[in-house]
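Worksheet: the structure to be examined is printed underneath.
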Amino acid sequence: MRLRTKRIYEAAEAADGRRVLVDRLWPRGLSKEAARVDFWARAIAPSNELRRWYGHDPAKWEGFRRRYFAELDAAPEGVAELREALGSGTATLLFSSKEVVLNNAAALVEYLEARS
């Protein structure tokens, strides 16, 4: 499996493969048709508490990753469901954050690759 990340507001492309939304909340102002999401992995998105605590503050990135990985470790069914939804080809994890580097999708790719 090859994982990529992409803002959901960017146009869908054939190279995206399976498109998986990894946010807890649906992106504002975006219809389901325009989003072209194949699977919404709401069960493994960061908790509301963690999301609010992090607030995309780069100084909190390491703490966010550590806490998010702990949440993922505590949700093995959700992680297994995500792995099944990703399939074996290319998959793109979609996020809505304006922060394109330090976001939950990037952390999730790191988590999945470390535990494959």
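Just a yes or no: is a residue in region 37-48 among the aliphatic types (A, V, I, L, M) and touching a strand residue (DSSP E or B) at 6+ places or on another chain (Cβ under 8 Å)?
Among the residues of region 37-48, at least one is among the aliphatic types (A, V, I, L, M) and touching a strand residue (DSSP E or B) at 6+ places or on another chain (Cβ under 8 Å), which makes the answer yes.
Could you please find all residues in region 1-38 being under 13 Å from the mean Cα position of the chain (by Cα), of a type in the set (Lys, Arg) and closer than 20 Å to LYS98 by Cβ?
ARG4, LYS6, ARG7, ARG19, ARG24
GLY87 is checked against (1) surrounded by 13 or more Cβ atoms within 10 Å (Cβ to Cβ); (2) at pLDDT 95 or above and fails just one. What number does that condition carry?
(2)
Residues are listed down the side, and each one gets a yes or a no for (1) of a type in the set (Phe, Trp, Tyr); (2) not in a loop (DSSP other than H, G, I, E, B):
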| position | (1), (2) |
| --- | --- |
| ARG51 | no, yes |
| TYR68 | yes, yes |
| GLU77 | no, yes |
| ALA80 | no, yes |
| GLU84 | no, yes |
| LEU94 | no, yes |
| SER97 | no, no |
| ALA105 | no, yes |
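Can you name every residue in region 15-31 that is buried (at least 17 other Cβ atoms within 10 Å of the Cβ), of a type outside the set (Asp, Glu) and assigned to a loop (DSSP other than H, G, I, E, B)?
Passing the criteria: GLY17, VAL22, ARG24, PRO27.
How about region 53-64: which of its residues are out of contact with any helix residue (DSSP H, G or I) (no Cβ under 9 Å at 6 or more places or on another chain) and in a helix (DSSP H, G or I)?
Scanning region 53-64 gives PRO58, ALA59, GLU62.
Please work out if VAL109 is in contact with a strand residue (DSSP E or B) (Cβ under 7 Å, 6 or more places away or on another chain), surrounded by 16 or more Cβ atoms within 10 Å (Cβ to Cβ), part of a helix (DSSP H, G or I) and modelled with pLDDT of 95 or more.
For VAL109, the condition - in contact with a strand residue (DSSP E or B) (Cβ under 7 Å, 6 or more places away or on another chain), surrounded by 16 or more Cβ atoms within 10 Å (Cβ to Cβ), part of a helix (DSSP H, G or I) and modelled with pLDDT of 95 or more - is met.
Looking only at region 39-70, count every residue that is in contact (Cβ under 8 Å) with a residue 24 or more places away in the chain and buried (at least 17 other Cβ atoms within 10 Å of the Cβ) and tell me the total. Before you say what the answer is, go through the steps one by one.
Of all residues in region 39-70, those in contact (Cβ under 8 Å) with a residue 24 or more places away in the chain come to 39, 41, 43-48, 51, 56, 58, 61, 64-65, 68-69.
Next, from what is left, pick out any that are buried (at least 17 other Cβ atoms within 10 Å of the Cβ): 39, 41, 44-46, 51, 61, 64-65, 68.
The number of residues fulfilling the criteria is 10.
Can you name the condition, by its number, that THR90 falls short on among (1) touching a Phe, Trp or Tyr at 6+ places or on another chain (Cβ under 9 Å); (2) closer than 26 Å to ALA15 by Cβ?
All conditions pass for THR90, except number (1).
VAL101: within 15 Å of the chain's Cα centre (by Cα) and part of a loop (DSSP other than H, G, I, E, B), yes or no?
yes
The values are calculated or read from the model by the stated rules, or taken from the named source; none is laboratory data. What you see is a predicted model, and the numbers here were worked out from it, not measured in a lab. For neighbour counting, all protein chains shown are included, and Cβ atoms are generated from backbone atoms with ideal geometry for every residue, glycine included.
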